[in-house]
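The values are calculated or read from the model by the stated rules, or taken from the named source; none is laboratory data. It should be emphasised that the depicted structure is a prediction, and the values quoted were computed from it without experimental measurement. All Cβ positions, even for glycine, are placed from backbone atoms using ideal geometry, and neighbour counts span all protein chains on display.
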Amino acid sequence: MAEAVSAPVRVLIVDDDALVRAALKMMLSGSAEVEVAGEAEDGSQVVEAVRRLRPDVVLMDIRMPRVDGLAATELLAKESAPPQVIVLTTFDADEYVLRALRAGAGGFLLKDTPPADLVRAIGTVAAGDAMLSPAVTRRLIDHVGAPAVADHSERREAARARLGLLSTREREVAVAVGRGGSNAEIAEELFMSIATVKAHVSKVMTKLDVTNRVQIAILAHDADLEGL
């Protein structure tokens, strides 16, 4: 019996630069794994476009003239069954990237990401297993800039209070997610099956009221958990 062919991941491209949209569309059109569902030139168009086109993943620019990517990501998070969001950035200028991740974005990509890496990242995020590597997470946080001492202390205590809702095992999983571990790596580290890891990650997201692994990692970082 022939293996079932997976449907391509439907992608909505959101960027105010027509040349960037065209370049991304051209890059993605060469892959059978991805289908460009449509485009939007401003965050103000995103919710309507998502409702109409039902993409699996949104490639979201941060800087747009009317409604920026941060606000659009926050609006999408309020939708029922929202698509995953990948933030597009030039990295050296976007101070709002971390805020977008806190708002529910599944990760971020540089605008000059090679096509193969872009397709791979879209597939990963569409599968719900989005994660930033520890090096990228730290580089991003360092780029955004250290918060004021008072803000840092308040954020740490708030994060620790939320993580206090977890069981000991769930907390161990959260720490491992914060280090950038995949389900397979966490399973090996904590001596459990991959299915059990997935179940724990799901429970952690529910208890912490977050939508993806990136937000778990950010909370773990904010809490200054030992081992991160």
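Could you tell me whether the stretch 111-129 includes any residue that is crowded, with 19+ Cβ neighbours inside 10 Å, farther than 19 Å from Gly180 by Cα, modelled with pLDDT of 80 or more and not aliphatic (A, V, I, L, M)?
No; the residues of the stretch 111-129 include none that is crowded, with 19+ Cβ neighbours inside 10 Å, farther than 19 Å from Gly180 by Cα, modelled with pLDDT of 80 or more and not aliphatic (A, V, I, L, M).
Is it the case, given these coordinates, that Asp61 is at pLDDT below 95, buried (at least 19 other Cβ atoms within 10 Å of the Cβ) and touching a Leu at 6+ places or on another chain (Cβ under 6 Å)?
Yes.
Of the numbered conditions (1) among the aliphatic types (A, V, I, L, M); (2) within 17 Å of the chain's Cα centre (by Cα); (3) at pLDDT below 90, Ala150 fails exactly one; give the number of that condition.
With respect to (1) among the aliphatic types (A, V, I, L, M); (2) within 17 Å of the chain's Cα centre (by Cα); (3) at pLDDT below 90, Ala150 is out only on (2).
Out of all the residues in the stretch 162-184, which are surrounded by fewer than 15 Cβ atoms within 10 Å (Cβ to Cβ) and more than 14 Å from Ala223 (Cβ to Cβ)?
Answer for the stretch 162-184, where residues must be surrounded by fewer than 15 Cβ atoms within 10 Å (Cβ to Cβ) and more than 14 Å from Ala223 (Cβ to Cβ): Ser167, Thr168, Arg169, Ala184.
Please find, among Glu48, Glu33, the residue that is more than 16 Å from the chain's Cα centre (by Cα) and touching a residue at least 40 places away in the same chain (Cβ under 8 Å).
One residue alone meets the criteria, Glu33.
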